[in-house]
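Have a look at the structure below, then the notes.
Bear in mind these aren't lab numbers, they're just calculated from the coordinates by the rules spelled out. All figures in this text were calculated on a predicted structure; none of them were measured in a lab. Because the Cβ atoms are built from the backbone with ideal geometry, glycine has one as well, and the counts that use them run over all protein chains shown.
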Ligand code: NDP
């Protein structure tokens, strides 16, 4: 292994704001390892919507600013003080401060998954966070654990179905045999969702979602809604959900949903959830279970990862602009 430098390049946020606050730095300190940690040389860094929340200030980092943001990456372990991983191991991981050349992580407290042979580093970086989100929300939040059989199972609906998380939800629900409606913001995005396995698609830029859902479900409504859009779709969700249905609001792409008037739930005995993926994967067993299942889905080709574009880490502002501008489909990556 090459010697570890003292300083590194990365992207620092010193104040909240627009993409202009993403500052490229070349003199950030390389993390010093504590007992149990590994140092990872990042090759590909996943861009996720949550990165924009930390940039704008919608979410506050526990240690305040300045902040190196970023929640996932994949690369190679170049130094280890952990019995669980050794130098040279290829890994994909969830963590903090990933918008940088090097990141430290503790594999006994966070998900740092060794990559099986045959799984490219780029694919792992593109699939990890959003794939685990889709998997845990389908299994744990919606409680869909077994193959459904299209005629028997509940009606499911995925908003922003051609996005990073949406594409993973659609593909995994399709593998489960779910009856599925996908909504997306253009004809092209709907076509992606259809190819990924949605039986019905609704173009939210030209069609009335409530009317189409009523037609498709013969007036019943949908039993489970996966909504990462938030504010703009939440009232609609309450309208199109079936009696005894479940609305899973898991993101704020259009702003945060709520507050909720609980009386609105009475008319149809609606259930609402606001889950966070990391809170479904906190134990070693959970890390192993969900990572193994996700990697199997990728290695067997049942789920694929569409990479919208690989940006240079230095050009991360363009990636945030594209993501927030609804210009992207699938996953955005940064190359170090
Ligand atoms: P996406 O790739 O899905 O991009 C966001 C998409 O949201 C857009 O492409 C667009 O699709 C749709 N959208 C609708 N309205 C707006 C708007 N006003 N502004 C911007 N986008 C809008 O991003 P991600 O997959 O990274 O994240 C999707 C959601 O999932 C986010 O809200 C994110 O926070 C959440 N998430 C939550 C997790 C959790 O643990 N709770 C974990 C991972 C993701 P279209 O044009 O088709 O409508």
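For a quick check, take a GNM of the chain with Cα springs below 10 Å and name the residue from 322, 27, 296 with the largest mean-square fluctuation. Of 322, 27, 296, the most mobile in the Gaussian network model is 27.
An ellipsoid equivalent to the stretch 110-223, defined through the eigenvalues of its Cα gyration tensor, has semi-axes of 27, 17, 11 Å when rounded to whole angstrom and sorted largest first.
Relative contact order, percent, of the chain when contacts are C-alpha pairs under 8 Å separated by at least 6 residues? Display every interim value, and only then the final one.
Details: 735 pairs, mean separation 54.6, N = 336.
This gives 16 percent for the chain.
Assign one of three labels to the stretch 52-102, namely rounded, prolate or oblate, based on the Cα gyration tensor with a ≥ b ≥ c the square roots of its eigenvalues; rounded applies when a/c is under 1.5, prolate when it is not and a/b is larger than b/c, and oblate otherwise. Verdict is prolate for the stretch 52-102. Work out the FRET efficiency for residue 244 and residue 86 from their Cβ-Cβ distance, taking R0 = 45 Å, and round it to the nearest 0.05. It comes to 0.35. Residues considered: 214, 145, 231. Largest GNM mean-square fluctuation over the chain, using C-alpha springs under 10 Å, is found at 145.
In the chain, the C-alpha radius of gyration followed by the widest Cα-Cα span (Dmax) gives 20.1, 65 angstrom.
When restricted to Cα atoms, the stretch 249-336 yields an Rg and a Dmax of 18.1, 52 Å, respectively.
Can you tell me the 0 to 90 degree angle between the C-alpha axis of helix 164-175 and the longest principal axis of the chain, rounded to 10? Tilt relative to the chain: about 60 degrees. Of 59, 49, 99, the residue with the greatest mean-square motion in the GNM of the chain, using alpha carbon springs below 10 Å, is 59.
Hull volume per residue, based on the alpha-carbon atoms of the stretch 157-285 and their convex hull, is 118 Å³.
In percent, how large is the relative contact order of the stretch 1-147, given Cα pairs closer than 8 Å and 6 or more residues apart? Write down the numbers at each step before the final one.
Numbers: 300 pairs, mean separation 35.5, N = 147.
Worked out over the stretch 1-147, it gives 24 percent.
If you count the DSSP beta bridges with both ends in the chain, what percent of them are antiparallel, to the nearest 5? In the chain, DSSP labels about 55 percent of beta bridges as antiparallel. At full extension, residue 59 and residue 191 could sit 44.2 nm farther apart than now, given 0.36 nm per residue minus the alpha carbon distance.
Using only the alpha carbons of the stretch 54-153, what is the convex hull's orientation-averaged projected area in square nanometres? Numbers along the way, then the final one.
Numbers: hull surface 37.4 nm².
So the Cα hull casts an average projection of 9.3 nm².
Which semi-axes, in whole Å and largest first, does the equivalent ellipsoid of the stretch 131-181 have when worked out from the alpha carbon gyration tensor as the square roots of 5 times its eigenvalues?
Working: eigenvalues 54, 30, 14 Å².
In descending order the semi-axes read 16, 12, 8 Å.
Rg/Rh for the stretch 1-123: what does it come to with C-alpha atoms and Rh from Kirkwood?
Details: Rg = 14.3 Å, Rh = 14.8 Å.
When Rh is taken as the Kirkwood radius, the ratio is 0.97.
Computed from the C-beta positions of residue 321 and residue 282 and an R0 of 25 Å, the FRET efficiency is 0.15 to the nearest 0.05.
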